[in-house]
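K.L.:
Sharing a structure, written as structure tokens. Questions coming.
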Amino acid sequence: MGKLTLDDLRKMRESLKNEMDKRDGEKDIRIVVGMGTCGIAAGAKKTLEAFIEDLDKRSLKNVSVKQTGCMGNCNVEPTVEVFMPEMPATLYGNVSADVARKIVQKHILERTLLNDHIQDKPSIDIVKH
Amino acid sequence: MPYKHYILICAGTACESSHAQEIHDNFIKEIKDRQLESDVQVVKTGCFGFCEQGPIVKILPDNAFYVKLKPEDVKEIVDENIIKGRVVQRLLYSPKEDKGRHQMTDVANIDFYQKQFRIVLRNCGIIDPEKIDEYIARDGYKALEKVLFEMSPTQVIDEVSRSGLRGRGGAGFPTGLKWSFTQKTSSDVKYIVCNADEGDPGAYMDRSTLEGDPHSILEAMTIAGYAVGAHKGYIYIRAEYPLAIERLNIAIGQARDYGLLGEKILGSNFDFDIEIRLGAGAFVCGEETALLASVEGERGMPRPRPPFPAVKGLWGKPTVINNVETWANIPVIILKGASWFAKIGTERSKGTKVFALTGKINNSGLIEVPMGTTLREIIFDIGGGIKDGKQFKAAQTGGPSGGVIPAEFLDTPIDYDNLTAIGSMMGSGGMIVMDEDDCIVDITKFYLQFSVDESCGKCAPCRIGGYQLLNLLEKITSGRGEMADLNKLFKISQAMQKASLCGLGQTASNPVLSTMKYFGEEYQEHIQNNKCRARKCAQLLKFEILPEKCVKCGLCAKVCPVGAISGDREKGYVIDQAKCIRCGQCLERCKFKAITRG
Ligand SMILES: Cc1cc2nc3c(=O)[nH]c(=O)nc-3n(C[C@H](O)[C@H](O)[C@H](O)COP(=O)(O)O)c2cc1C
Ligand code: SF4
Ligand code: SF4
Ligand code: FES
């Protein structure tokens, strides 16, 4: 992409917004792993790898795995948020590689929430309000 | 098929110990009795941080938030909320009278129990910080658009001034006013600087912001450049933050590719670019004049102010220097407007504050709350209370430049002026919670040690005064203190405040003054009774053998590394206090609990 003009940027934002709402085109399930220094120190990289491997093993192609910054819940790192249609957006804490595989099995395949790992989202999103 | 309702039951320690399990079982039973198992899932969750109000149950997707539940309330919730879809009003959380939060609730139409409000951290934990597109999709660079094409520089500064934003790096200076000084100083070259030195122990707010949302800082600095007439910005960041540096570098590269940094930004006539400068991690380099010296390639030593950097800064040119968190507020102020921002917070402290909550708190982490939130809300409604059910003793804010907030001020709304009035300060946002096991004198010694280590040594009050304070504290915690030392502590502290060259020395004695003010009796106990009530000061401990429990086995005498225990299997054993080095080995070894530590 070359240098943007004001118009380019505006158009780009609109189309990106639509894309974000559609959640990555084909992939309608999104797993977001908190990868700040605190998350990484607690093993978030292993968690991320576990997700990717497990999804691959089960040939789940409609799930994207992404990274983000610190979600603030440093006492329960690594933290992971799962978005999928017809399920509430869910924030999980203490997500080891093992728990990651459980999330794939229970949350994504069986569509049930996992016991003992759900955390409360700390606040609303001001950008959307 | 997914479920229609989810019943989230808090299974954190506090809720578990107050019937959460029974409530859980009741839900399972009621759901089963009504054959709703395929419609409703009952789930146990981690702590909501709201333990004072426990046990807690949240129902999704209705978002009903029930507090202080009793096992017998379950039936009603199932009948009303789950079956009839009617929230049970009497069991909902009702907010207490509290100005700051009510205003915030109005502003954002926020769930009333959520005490956090994220302006600075709006994108942290949401976007991928390495993808500029995700930032753009969430209104990123929209404030820059607005500024470049719809506002004059003076309008931008007015907007920032009217928002009431004050610097988040510690001193709380009004940001708009600072910018206007630089704008009004005529000069061919001006600079914008971001202070990301973040050196106080326990603080990591700025690191997380940079790691989670680097573009917000770039956008804000560019806006300031436009407002004051600068074309070059520097981010001064400590080399110990490799991830933040990496993400900043990626962000700068992407912004340049898109033409959001560089020449003729977005086709306007405005040029601006940003470079990163790495600091070696000296605390004093966070002080603005020392920081500027360090960017110039000089040794990071403070210079006298005035002249202030806003007028005469980097290479003698007018320079706006702001803290990371200050910067992160700017795009939101421009987009949502000064009056939106000014509704949040207290009269003289607007907006929110990010705190890194650590210490003896159950839910340590990064929180952002409106100014005016009380310490009680932060600790007990967000932080989940004190670890292991211990007693709250004090919270330390402002790091080595700050002080302690004792229990009597738990309900004081936190803002710049209130914290200063009670002898602490906002600082950059480290908040360390202490419980009854923390010794106040020992903690003060820790901060003093830090300041002494970090003093640059340029001026005598800080270099010598800090060292003397530390020696006195050392004397007191090792049982050699005299009452006259308290007066010495006080006098040296005052001299340092008045005569030091920079903020480090001027504030290094704050922890001493503040703890002497609120915990004076603990100092006295150390001196007069050789007693440390938290049992932290090893030199003040006294190990003794209780003859009535001692079975005369002699094990303690064998393990004592300095031969302080004498006696034999007939007469029993005693500890020679003069020889004892208080290592505690005898106490650990004695199987009969015959040795006490007092
Ligand atoms: C010893 C010392 C250390 C400081 N460290 C920092 C720091 O790490 N980060 C920061 O933003 N400000 C720090 N400051 C405050 C800066 O001098 C300056 O006030 C601040 O960068 C101004 O930005 P603001 O108005 O946005 O707060 C420090 C001040 C002193 C005296
Ligand atoms: S107050 Fe301390 S850190 Fe500041 S200039 Fe003097 S010696 Fe250096
Ligand atoms: S505390 Fe250590 S030094 Fe003192 S009597 Fe016990 S073993 Fe010996
Ligand atoms: S244990 Fe339930 S809110 Fe903390």
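K.L.:
Pull out all pairs, ordered by first then second residue, where Cβ-Cβ is under 6 Å, the residues are six or more apart or on different chains, the first lies in segment B:153-179 and is farther than 20 Å from B:LYS142 by Cα, and the second is aromatic (Phe, Trp, Tyr).
P.N.:
That search, which allows pairs on different chains as well, returns B:GLY167/B:PHE173; B:GLY172/B:TYR416.
K.L.:
Kindly indicate whether any position in segment B:381-394 is within 16 Å of ligand 4 (Cβ to nearest atom), in a helix (DSSP H, G or I) and β-branched (Val, Ile, Thr).
P.N.:
Yes: segment B:381-394 contains one or more residues that are within 16 Å of ligand 4 (Cβ to nearest atom), in a helix (DSSP H, G or I) and β-branched (Val, Ile, Thr).
K.L.:
Restricted to segment B:130-170, and to residues that are outside any helix (DSSP H, G or I) and within 12 Å of chain A (Cβ to nearest Cβ), which residue is surrounded by the most Cβ atoms within 10 Å (Cβ to Cβ)?
P.N.:
Checking each candidate, the answer is B:TYR141.
K.L.:
Please state which one of B:SER451, B:SER424 is assigned to a helix (DSSP H, G or I) and within 16 Å of ligand 1 (Cβ to nearest atom). Working first, answer last.
P.N.:
Working: B:SER424 fails: assigned to a helix (DSSP H, G or I).
Only one candidate passes the filter, namely B:SER451.
K.L.:
Considering only residues that are over 11 Å from A:ILE118 (Cα atoms) and buried (at least 21 other Cβ atoms within 10 Å of the Cβ), look in segment A:73-97 and name the one that is modelled with the highest pLDDT.
P.N.:
Taking the candidates together, the pick is A:PRO78.
K.L.:
Can you tell me which residue among B:ALA534, B:ALA557, B:ALA564, B:ALA508 is aliphatic (A, V, I, L, M) and at pLDDT below 90? Walk me through how you get there before you give the answer.
P.N.:
On the way: B:ALA557 fails: at pLDDT below 90; B:ALA564 fails: at pLDDT below 90; B:ALA508 fails: at pLDDT below 90.
From the options B:ALA534, B:ALA557, B:ALA564, B:ALA508, the qualifying one is B:ALA534.
K.L.:
Within segment B:437-449, does at least one residue satisfy the condition of being over 22 Å from B:PHE392 (Cβ atoms) and more than 16 Å from ligand 3 (Cβ to nearest atom)?
P.N.:
Among the residues of segment B:437-449, at least one is over 22 Å from B:PHE392 (Cβ atoms) and more than 16 Å from ligand 3 (Cβ to nearest atom), which makes the answer yes.
K.L.:
Right, another one. Restricting the search to segment A:55-72, which residues are farther than 30 Å from B:MET205 by Cα and surrounded by fewer than 20 Cβ atoms within 10 Å (Cβ to Cβ)? Outline the logic, then answer.
P.N.:
Of the residues in segment A:55-72, the ones farther than 30 Å from B:MET205 by Cα are A:55-63.
Passing the criteria: A:ASP56, A:LYS57, A:ARG58, A:SER59, A:LEU60, A:LYS61, A:ASN62.
K.L.:
Does segment B:445-459 include one or more residues that are modelled with pLDDT of 95 or more and either in the same structural domain as B:GLU288 (by TED's automatic domain parsing) or over 17 Å from B:SER401 (Cβ atoms) (or both)?
P.N.:
No - not one qualifying residue is present in segment B:445-459.
K.L.:
While we're on this one: With respect to B:GLY345, determine if the residue is at positive phi, modelled with pLDDT under 95 and within 14 Å of ligand 1 (Cβ to nearest atom). Can you show your working first?
P.N.:
Values: at positive phi: yes; modelled with pLDDT under 95: yes; within 14 Å of ligand 1 (Cβ to nearest atom): no.
Spelling it out, it is not the case that B:GLY345 is at positive phi, modelled with pLDDT under 95 and within 14 Å of ligand 1 (Cβ to nearest atom).
K.L.:
Right, another one. Looking at segment B:23-67, which of the residues that are touching a Pro at 6+ places or on another chain (Cβ under 6 Å) and of a type in the set (A, V, I, L, M, F, W, C) is surrounded by the fewest Cβ atoms within 10 Å (Cβ to Cβ)?
P.N.:
B:LEU60
K.L.:
Moving on to the next point. Please name all residue pairs, on different chains or six or more residues apart, with Cβ atoms under 8 Å, provided the first residue is in segment B:455-477 and is assigned to a helix (DSSP H, G or I) and the second residue is within 16 Å of ligand 3 (Cβ to nearest atom).
P.N.:
B:THR477/B:CYS532; B:THR477/B:CYS537; B:THR477/B:GLN539; B:THR477/B:LEU540
K.L.:
Inside segment B:188-302, counting only strands (runs of 3 or more DSSP E) that do not spill past its ends, which hold 2 or more residues that are under 21 Å from B:GLY429 (Cβ atoms) and of a type in the set (Val, Ile, Thr)?
P.N.:
Answer list for segment B:188-302: B:232-238.
K.L.:
Looking only at segment B:429-448, decide whether some residue is within 14 Å of another protein chain (Cβ to nearest Cβ) and either within 12 Å of ligand 1 (Cβ to nearest atom) or touching a Cys at 6+ places or on another chain (Cβ under 8 Å) (or both). Write out each step before concluding.
P.N.:
So the first thing to find is which residues in segment B:429-448 are within 14 Å of another protein chain (Cβ to nearest Cβ), and the list is B:429-433.
Restricting the remaining residues to those that are either within 12 Å of ligand 1 (Cβ to nearest atom) or touching a Cys at 6+ places or on another chain (Cβ under 8 Å) (or both) gives B:429-430.
Looking for residues that are within 14 Å of another protein chain (Cβ to nearest Cβ) and either within 12 Å of ligand 1 (Cβ to nearest atom) or touching a Cys at 6+ places or on another chain (Cβ under 8 Å) (or both), one finds at least one in segment B:429-448, hence yes.
K.L.:
Which pairs have Cβ atoms under 6 Å, sit 6 or more apart or on different chains, and link a residue in segment A:61-78 that is more than 7 Å from every other protein chain (Cβ to nearest Cβ) to one that is in a helix (DSSP H, G or I)?
P.N.:
Matching pairs, first to second residue: A:VAL63/A:LEU55; A:VAL65/A:PHE51; A:VAL65/A:ILE52; A:GLU77/A:CYS38; A:GLU77/A:GLY39; A:PRO78/A:GLY39; A:PRO78/A:ALA44; A:PRO78/A:THR47.
K.L.:
Just to check your reading of the model, which residue among B:ALA220, B:ALA251, B:ALA244, B:ALA227 is touching a helix residue (DSSP H, G or I) at 6+ places or on another chain (Cβ under 6 Å), within 11 Å of another protein chain (Cβ to nearest Cβ) and buried (at least 24 other Cβ atoms within 10 Å of the Cβ)?
P.N.:
Of B:ALA220, B:ALA251, B:ALA244, B:ALA227, the one residue that is touching a helix residue (DSSP H, G or I) at 6+ places or on another chain (Cβ under 6 Å), within 11 Å of another protein chain (Cβ to nearest Cβ) and buried (at least 24 other Cβ atoms within 10 Å of the Cβ) is B:ALA244.
K.L.:
So, one more: For segment A:8-31, does any single residue satisfy the condition of being at pLDDT below 95, outside any helix (DSSP H, G or I) and touching a Cys at 6+ places or on another chain (Cβ under 8 Å)?
P.N.:
The answer is no, given that none of the residues of segment A:8-31 is at pLDDT below 95, outside any helix (DSSP H, G or I) and touching a Cys at 6+ places or on another chain (Cβ under 8 Å).
K.L.:
Just give me the residues in segment B:17-36 being assigned to a loop (DSSP other than H, G, I, E, B) and either touching a strand residue (DSSP E or B) at 6+ places or on another chain (Cβ under 6 Å) or touching a residue at least 24 places away in the same chain (Cβ under 8 Å) (or both), in sequence order.
P.N.:
Applying the first criterion (assigned to a loop (DSSP other than H, G, I, E, B)) to segment B:17-36 yields B:17-19, B:34-36.
Within segment B:17-36, B:SER18, B:HIS19, B:ARG34, B:LEU36 qualify.
K.L.:
Just checking, which of A:LYS3, A:LYS11 is of a type outside the set (Asp, Glu), more than 8 Å from chain B (Cβ to nearest Cβ) and surrounded by fewer than 19 Cβ atoms within 10 Å (Cβ to Cβ)?
P.N.:
Working: A:LYS3 fails: more than 8 Å from chain B (Cβ to nearest Cβ).
A:LYS11 is the lone residue from the list that is of a type outside the set (Asp, Glu), more than 8 Å from chain B (Cβ to nearest Cβ) and surrounded by fewer than 19 Cβ atoms within 10 Å (Cβ to Cβ).
The values are calculated or read from the model by the stated rules, or taken from the named source; none is laboratory data. Please read all numbers here as calculations on a predicted model, not as lab measurements. Note: ideal-geometry Cβ built from the backbone for every residue, glycine included; neighbour counts use all protein chains shown.
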